[in-house]
Amino acid sequence: MATLYAHSSDGYVARVNQSTWANARANSSGTTSSSTTSGFFQGISGFRGSARGGGYIYTIYRSFMRFDTSGISSNVDSATLKIRGFSQSGGDVIAVKATSNIASLGTADFEEIEGWDSSGTDGSGGGDMESSVTKYSNEITTWSTSGYNDIALNAQALADMRDDNIIYIALINFDHDLKDVAPTSTSSRNGLYYANYTGTSLDPYIDYTLEAVTTTDNAIFFGTNF
């Protein structure tokens, strides 16, 4: 088994404290971002909070990371994305393919997810992106805040690890952000550590194994006396 650690440019892009769910989701740019934070309690989120003076505000956080896969040239048998939890565990999570624009992360990268189009956002599933994005995992329905969360990467991710020099990953909230279902509470938040945490003990990383190489013995023996 081999290990790849996330590049130190990982982090989050978010749209925070928006007056409507559509304002939070249907926009190509975030209102805040960070590629230097070491950990954040709601780095993968889609939630509703109370606004001052009444009403509600909506917030979405998406986390992005990249991994150098240039050293992989053969088939990958299996791979697990390992994300260390950091407070808050109320949401479901999915890993999807991000674009290469996240290599330099900023507010303009809020929608840098392959296949993403938020123009149909209505809070009732009209902008559901599940069939449009390139999934790298199944829905993750449990989240540890005191250990690593194992996200099994699918066949598409394994192929991209083999074929691409870098893979780009977005971690987003499944039930609300991906599916375009407006949240009704603050519960759908998940925290995580990033590569900027000192050392690598809490960093995101991928454990992977390559497919075994099989050889066929076609040796022919001439003039052998048995």
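GLY91 - would you say it is in a strand (DSSP E or B) and either open to solvent by less than 10 Å² (accessible area, probe 1.4 Å) or not aliphatic (A, V, I, L, M) (or both)?
Numbers: in a strand (DSSP E or B): no; either open to solvent by less than 10 Å² (accessible area, probe 1.4 Å) or not aliphatic (A, V, I, L, M) (or both): yes.
When the stated conditions are applied, GLY91 does not pass them.
Within region 24-53, the set of residues being farther than 16 Å from ASP180 by Cα and assigned to a strand (DSSP E or B) comprises THR32, SER33, SER34, GLY39, PHE40, PHE41, GLN42, GLY43, GLY49, SER50.
Kindly provide the set of residues from region 94-125 that are part of a loop (DSSP other than H, G, I, E, B), open to solvent by 50 Å² or more (accessible area, probe 1.4 Å) and in contact (Cβ under 8 Å) with a residue 40 or more places away in the chain, ordered by number. Listed by number, the residues that qualify are SER104, SER119, ASP122. Contact map, region 54-75: residues that are touching a residue at least 60 places away in the same chain (Cβ under 8 Å) and closer than 19 Å to LYS179 by Cα paired with residues that are among the aromatic types (Phe, Trp, Tyr) and open to solvent by less than 20 Å² (accessible area, probe 1.4 Å), Cβ distance under 6 Å, separation 6+ or inter-chain. Pairs shown: TYR58/TRP21. Would you confirm whether or not region 70-91 contains a residue that is within 17 Å of ASP175 (Cβ to Cβ) and under 16 Å from the mean Cα position of the chain (by Cα)? Yes. Within region 131-151, residues that are open to solvent by 50 Å² or more (accessible area, probe 1.4 Å) sit with their Cβ atoms under 9 Å from residues that are of a type in the set (Lys, Arg), at 6+ positions apart or across chains, in these pairs: LYS135/LYS97; TYR148/LYS82; TYR148/ARG84; ASP150/LYS82.
Does TYR148 satisfy the criteria of being under 26 Å from SER28 (Cα atoms) and at pLDDT 95 or above? For TYR148, the condition - under 26 Å from SER28 (Cα atoms) and at pLDDT 95 or above - is not met.
The values are calculated or read from the model by the stated rules, or taken from the named source; none is laboratory data. Everything numeric in this text was worked out from a predicted model, so none of it was measured. Reconstructed Cβ throughout: ideal geometry from the backbone, glycine too, with neighbour counts over all protein chains shown. Each accessible area value is taken on the protein alone, full model and side chains, heavy atoms only, with ligands, DNA and RNA left out. Shrake-Rupley method; radii C 1.70, N 1.55, O 1.52, S 1.80 Å.
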